[in-house]
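Each reported figure results from applying straightforward, stated rules to the coordinates on display, with no laboratory input. Being a predicted model, the structure only gives us computed values, none of them experimental. Note that each Cβ is placed from the backbone with ideal geometry, even for glycine, and that neighbours are counted across all protein chains shown.
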Amino acid sequence: MKTQTDSKKYEGQCKFCEQDFTKRQITDHLDVCEKRKKDESVKNLRLRIVDQYSKKFWLIVEVNNQAALKDLDNLIKDVWVECCGHLSLFGGYGNEIGKRRIIIDILKPGDTIDYIYDFGSSTELIIEALGYSHYQLSNNKKIELVARNYLPPSNCKKCGQQATMICSACCDEDGITLVCDKCAEKYHNEEKEEEHYVLPLANSPRAGVCGYAPEEPLDKLF
């Protein structure tokens with residue numbers, strides 16, 4: 001399983017060539033990736049989606065001139081946040097933007113909008129318009145995930161190995177406690193006076209919140 005601890009230099013991967021890049025490098029690389037065919041007649045918009053409180057979680061998405069906010073909402077839910085069918089909105093409380101709006105009509109390079117999933121235990125994201133992309137999206141898609149972060153450093157509280165579980169009821173310096181499968185039972189026995197709420201660890205800002213437990217393997221990016 002690849003995480004940022006494997007190489008502090010690299011933070012994520014390009015979907016097309018599967019090479020490693022920092023968050024800063026990846027946007028430049030996507031303009032020259034040899035696994036993509038450039039077409040100057042194409043003008044899609046490239047977006048970066050980041051967690052509002054931990055910039056270690058990020059997605060790079062490209063959208064064409066038909067993609068609506070509803071399409072982006074579906075992608076964010078599918079890849080990152082969907083757990084119990086909660087509501088979501090773009091634009092923030094009191095400034096909601098309709099999900100039927102075409103993304104490329106309302107966002108230009110340099111613009112940002114907020115995104116909120118779940119109005120109780122909220123996951124809050126920021127969507128940044130980075131620039132235009134001159135590449136066809138795969139399989140005639142309207143929207144495509146083209147790069148994303150690796151799982152940030154996530155070490156077991158007990159043994160220091162790669163964590164696989166997260167307890168949101170217990171707090172350490174990050175506000176959560178991470179444990180591996182082997183140490184999870186021992187940890188619960190030692191901390192039995194406390195209430196635990198353990199969920200599978202996920203490469204998502206939603207990890208440890210509500211009932212979020214994606215079916216995909218922890219190291220699956222695309």
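I'd like the FRET efficiency for Glu215 and Gln19, computed as 1/(1 + (r/R0)^6) with the beta carbon distance as r and R0 of 25 Å, rounded to 0.05. Efficiency for this residue pair is about 0.40. Dividing the summed helix terms, -39500 (n - 2.57) for each DSSP H run of n ≥ 4, by the number of residues in the chain produces a 222 nm estimate of -3500 deg cm²/dmol to the nearest 500.
When only the Cβ of Lys, Arg, Asp and Glu is charged (+1, +1, -1, -1), the dipole of region 12-149 relative to its Cα centre reaches about 260 debye. All other residues whose Cβ lies under 10 angstrom from that of Cys14 are scored, Lys and Arg at +1 and Asp and Glu at -1, for a net of +2.
So the label point goes 7 Å from the Cα of Lys77 along Cα→C-beta, right? Which residues of region 97-141 then have their backbone N under 14 Å from it? Correct set: 99-100, 116-119. Sorting Met1, Met165 by the number of Cβ atoms found within 10 Å of their own Cβ, with the fewest placed first, yields Met1, Met165. The slack in the chain from Asn65 to Glu96, taken as 0.36 nm per residue of separation less the alpha-carbon distance, amounts to 9.0 nm. Between the Cα long axis of helix 181-190 and the first principal axis of the chain there is an angle of about 50°, rounded to the nearest 10. Summing Lys, Arg as +1 and Asp, Glu as -1, what charge do residues with Cβ under 15 Å from the Cβ of Asn95 carry, Asn95 excluded? With Lys, Arg at +1 and Asp, Glu at -1, the net is -2. Remark: for residue pairs Lys2/Lys142; Lys15/Lys37; Lys15/Lys220; Lys108/Lys142; Lys35/Lys108; Lys35/Lys141, the C-alpha separation exceeds 19 Å in Lys2/Lys142; Lys35/Lys108.
Less than 5 angstrom separates the built amide H of Asn149 from those of Trp58, all sequence-distant by 5 or more or on a different chain. The H on the amide N of Leu47, modeled in the peptide plane, is under 5 Å from the matching H of Val61, Glu62, Val63, Leu130, each at least 5 residues off or on a different chain. Between beta-carbons, use under 13 Å as the cut-off and find the net charge around Lys35, counting Lys and Arg +1, Asp and Glu -1. Summing Lys and Arg as +1 and Asp and Glu as -1 gives +1.
Residue separation of His134 and Glu34 scaled by 0.36 nm, minus their Cα-Cα distance, works out to 34.7 nm of gained length.
For the peptides 12-20, 61-69, residues were scored by their other Cβ atoms within 10 Å and the scores averaged per peptide; the highest-first order is 61-69, 12-20. Of all the options Asn95, Asn139, Asn203, the one that moves most in a Gaussian network model of the chain with Cα springs shorter than 10 angstrom is Asn139.
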